[in-house]
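The values are calculated or read from the model by the stated rules, or taken from the named source; none is laboratory data. Computed from a prediction, not measured in an experiment: that's the story for all the values here. Virtual Cβ from ideal backbone geometry, glycine too; neighbours counted across all protein chains shown.
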Amino acid sequence: MKTFNYTITDPEGIHARPAGLLVKEVAKFAGKVTIEKAGREVDAKRIMGVMSLGAKNGETVTIKVEGEGEEQAAQDLEAFFKENL
Amino acid sequence: MLKFNGTSVFGGIAIGSLCIFQKKENKVERRQIEDAAQEVQRFEKAKETGISQLKELYDKALKDVGEAEAMIFEVHQMMMDDGDYVDSICNMITEEHVNAEYAVSQVRNRFAAMFEAMDDDYMRGRAADIRDISQRLIEILSGTQQAMDMFQEPVVIVAQDLAPSETVQFEKDKLLAIVTREGSANSHTAILARTMDIPALIQTDIELKPEYNGKKVIVDGFTGTVYVDPDAETLKVMEEKLAKCQEEKQLLQQLKGKEDVTADGRKIKLYANIGNPKDVESVLQNDARGIGLFRSEFLYLESSNFPTEEEQFQAYKTVAEKMEGKKVIIRTLDIGADKTVDYFGLEQEENPAMGYRAIRICLTQPEIFKTQLRALYRASAYGEIAIMFPMITSVEEVREIKGIVEEVKEELEKQEIPFKEVELGIMIETPAAAMVSDDLAKEVDFFSIGTNDLTQYTLAIDRQNAKLGHFYQPHHKAILRMIEMVVKNAHAAGIWAGICGELGADLELTETFVKMGVDELSVSPSMVLKVRKNIREAKAES
C-alpha cells in the first residue's frame, strides 16, 4: 500500500467539478483508492463520498492506494492533485 | 404596474412576456412488489436511460455555454452511476420489496440531507443536484417524463427554482431573463445565466400566479427589480436603459481584442483596478491588458486578525495565475485614514488623511510589512507580479523599503523558496513625491499617480465634505502640471509612469494624458473599453 498526504490549495476545495475529475482519474487504476479527512475515509471511486468529505482549501487529506501497480498509480495521483487541487 | 424585488446574480435589462415555469408535481407512491430482482432490473434500465439523457444535455451545454459549465452534467452522470447511490437504491428494493420510484425518492432524501448538513455553502447547494438526478429517474420510471415545451417567442422565465438540467434545456435565443423565488448565487443556474449573458434574479418576492402568464414584464438585472404590467413611463425609462446597455455591449464587442494604440501609433498600457480576487473575472471580460492597481486592503478589512502569509500568498497567487502572465501590480496595505480595522489598534486621529497610515504603518511595524512582502514574493513565481508602495513622500522612505525587500529576498533564498525578480514602483500621491519625482525615479522601476489623494492634498480640499464641492476642481491646472512633471521626470530616468486614480478614467482627459506621455492608465474594469475607444481616437503628437 502506498500513502501520501496532500493539502488542498484550490481556493474552492474539492467541489463538484474537481471531484468528478478525480473520480475519473482514479477509475484508470484497477486497485483500491481511498481518501481520508479527519478520520473519515471514503472510496475515491465514488463521487458522492468524495464530495461528502467537503475538503476545503488548506485542509489535508490522506490518499491510500492499494493494488497492482500502486507505486505508479500513487505517483500519477499525486501529480493529479498538485495539478488540479 | 406590479413591482417585485430580488437579488441580482447577473446584470442587464430584459423586456418581454412573462412565462411561469411550474414544476410538475410528482407524488411518489409506495408499492409492495413481488419480484425484487425484476424491479432492480427496471431501475438499472431507467438509470441507463437517464445517463444517456444527461450525455445529450452535456453535449447541448457544451455547444451553448462551453466546457467549464457543461461539466456539471458529466458530474450528474457520475452521481447517477455512483456506487453508494445505486447500491442504496438496489438494497432498498431488494430488502423492503418496494417499487423503484419509492426507493429512489427515499435515497434522494437521505443523500440530500447529508449535503444539506455540511458546513459549506457550496456543498449544501449540491443537494439540488441530488434532487435533480433523482427527479429524472423517477420520471423515467413512472413514464411521466415530457419534453420541455418550447416557447414560440422569447420569454422571461419565472420559477420557484430551476435545476441546471432545466435551465440548459431552454433554447438560448428564446430566453430573455431568469427570475426565481429561491436559488443561490452559487447555483449552476446563476453561473449559466452569466455565461448566457442574460439578466438573472434569485430570492425574488414574486408569486407564481398563472394570470401573470403572457403579461409584459421588465427585468432590471442592475437593481434586482421586476415590473409586471409596467406603466408607460417605466417602460420608456427601461427601454432607454436597454438601448444604452445594448450600445455598450456592441462597443464592447467591437473593441475587444483591439490594441491600445493612439491614432498616430503610440502604445498605451491599459490596465484595470481591482479590490478583490473576485474582480479578476470582470478584468478579463472587459479585456484589460493587466491589473494596474490591486488594492490589498480587502485581506485586512475582511479579516478579524492579521492575515497570515499563507492566506495572502494564496490570494495573490490566484490572481497572478488567473491573469495568465499579464502584469499584476499589487499595492501594499493602505490601511489608515478612512480604512481602519480594530486589530491594528490605531488611535483616533485629529487628521487621519495626514496621519498614521499606509507605508507609515509598514515602516513603523516592519513585521506586518515583511509578512506581506514574503507572500508577494512567493506568489511572484506564479505570474507577472509587480509591487507598489503607497503614500511615499521621500527618497529615504524608498531606500528603507528597498532594504526590507532585500532582507525578505535573502530569507526566501536561504529557505530555497522560489520567487522571481519583480518590478518595484511607488504611488505618487503626495505633492512632496511629485516635487522630488526626479530623485525618486532613480530608485524605482515605475510610478503610478494616485490622483485622488494627490488632488486632495494639493488643493487642500477634503472630498468627503459636501460643502466644498463648489471649490473642488478635478481638472485644476496644479494637478495637470504635476502629472506632466512626474511623467517627464520618470522618462528622464528611463522608467514608465501611469495613472491609477479616478482621473485616469476621465474621458475628457484621455487625450491630454496621452499627449503628456503617460505610459499607462489603470481604470475600473467597466471603464476599460470606453477609455480604449478614446485612446484609439487620440493623437499623441499635436
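Quick look at the values:
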quantity	calculated
Residue that is farthest from B:Ala163 (Cα to Cα), among those in region B:57-109 that are more than 14 Å from chain A (Cβ to nearest Cβ) and among the basic types (Lys, Arg)	B:Lys63
Single residue of region A:53-69 satisfying the filter (in a loop (DSSP other than H, G, I, E, B) and of a type outside the set (Gly, Ala, Ser)) that is nearest to the chain's Cα centre (by Cα)	A:Leu53
Test: B:Asp120 is more than 26 Å from the chain's Cα centre (by Cα) and closer than 20 Å to A:Gly20 by Cβ	no
Selection status of B:Glu484, in the same structural domain as B:Ala272 (by TED's automatic domain parsing), among the acidic types (Asp, Glu), surrounded by fewer than 18 Cβ atoms within 10 Å (Cβ to Cβ) and not in a helix (DSSP H, G or I)	no
Residues satisfying the stated conditions in region B:163-185, i.e. under 17 Å from B:Arg136 (Cα atoms) and in contact with an Asp or Glu (Cβ under 9 Å, 6 or more places away or on another chain)	B:Ala163, B:Pro164, B:Ser165, B:Glu166, B:Val168
Residue in region B:348-355 that is in the same structural domain as B:Arg295 (by TED's automatic domain parsing), buried (at least 17 other Cβ atoms within 10 Å of the Cβ) and closer than 30 Å to B:Asn465 by Cα present	no
Selection within region B:32-61 - in contact with a helix residue (DSSP H, G or I) (Cβ under 7 Å, 6 or more places away or on another chain) and of a type in the set (Lys, Arg)	B:Arg42, B:Lys47, B:Lys55, B:Lys60
Those residues of region B:307-323 which are buried (at least 17 other Cβ atoms within 10 Å of the Cβ) and closer than 14 Å to B:Leu373 by Cα, in sequence order	B:Pro307, B:Gln312, B:Phe313, B:Gln314, B:Ala315, B:Tyr316, B:Lys317
Matching residues, region B:183-208, being of a type in the set (D, E, K, R) and modelled with pLDDT of 85 or more	B:Asp205, B:Glu207
Residue list for region B:318-344, filter: assigned to a helix (DSSP H, G or I), under 28 Å from B:Ala505 (Cβ atoms) and not polar (S, T, N, Q)	B:Val319, B:Ala320, B:Glu321, B:Lys322
Residue in region A:20-33 that is within 13 Å of chain B (Cβ to nearest Cβ) and part of a loop (DSSP other than H, G, I, E, B) present	no
A:Lys56 being of a type in the set (D, E, K, R), closer than 12 Å to A:Leu85 by Cβ and surrounded by 18 or more Cβ atoms within 10 Å (Cβ to Cβ)	yes
Index of the failed condition, A:Asp10 passing every other in (1) at the interface with chain B (Cβ under 10 Å from one of its Cβ atoms); (2) in contact with an Asp or Glu (Cβ under 6 Å, 6 or more places away or on another chain); (3) touching a residue at least 60 places away in the same chain (Cβ under 8 Å)	(2)
Matching residues in region B:256-299 - criterion: being surrounded by fewer than 16 Cβ atoms within 10 Å (Cβ to Cβ) and closer than 19 Å to B:Met427 by Cβ	B:Gly275
Among the residues listed as B:Lys370, B:Lys402, the single one being at pLDDT 95 or above, under 22 Å from B:Asp445 (Cβ atoms), exposed (fewer than 15 other Cβ atoms within 10 Å of the Cβ) and among the charged types (D, E, K, R)	B:Lys402
Answer residue from region A:34-59, given it is among the polar types (S, T, N, Q) and free of Cβ contacts under 8 Å to residues at least 40 places away in the same chain and is nearest to the other protein chains (Cβ to nearest Cβ) among those	A:Ser52
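Each row is one residue, and each column tells you yes or no for (1) more than 14 Å from chain A (Cβ to nearest Cβ); (2) surrounded by fewer than 19 Cβ atoms within 10 Å (Cβ to Cβ); (3) modelled with pLDDT of 90 or more.
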position: B:Gly125; (1), (2), (3): no, no, no
position: B:Ile133; (1), (2), (3): no, no, yes
position: B:Ser142; (1), (2), (3): yes, yes, no
position: B:Glu153; (1), (2), (3): yes, yes, no
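Okay, residues lined up against (1) within 14 Å of chain A (Cβ to nearest Cβ); (2) touching a residue at least 40 places away in the same chain (Cβ under 8 Å); (3) outside any strand (DSSP E or B):
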site	(1), (2), (3)
B:Leu284	no, no, yes
B:Tyr300	no, yes, yes
B:Ser304	no, no, yes
B:Gln314	yes, no, yes
B:Gln348	no, no, yes
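Every residue, every condition in (1) surrounded by 20 or more Cβ atoms within 10 Å (Cβ to Cβ); (2) over 18 Å from B:Glu259 (Cα atoms); (3) modelled with pLDDT under 90, yes or no:
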site: B:Ile499; (1), (2), (3): yes, yes, no
site: B:Glu502; (1), (2), (3): no, yes, yes
site: B:Leu509; (1), (2), (3): yes, yes, no
site: B:Thr512; (1), (2), (3): no, yes, no
site: B:Val518; (1), (2), (3): yes, no, no
site: B:Lys533; (1), (2), (3): no, no, no
site: B:Ser542; (1), (2), (3): no, yes, yes
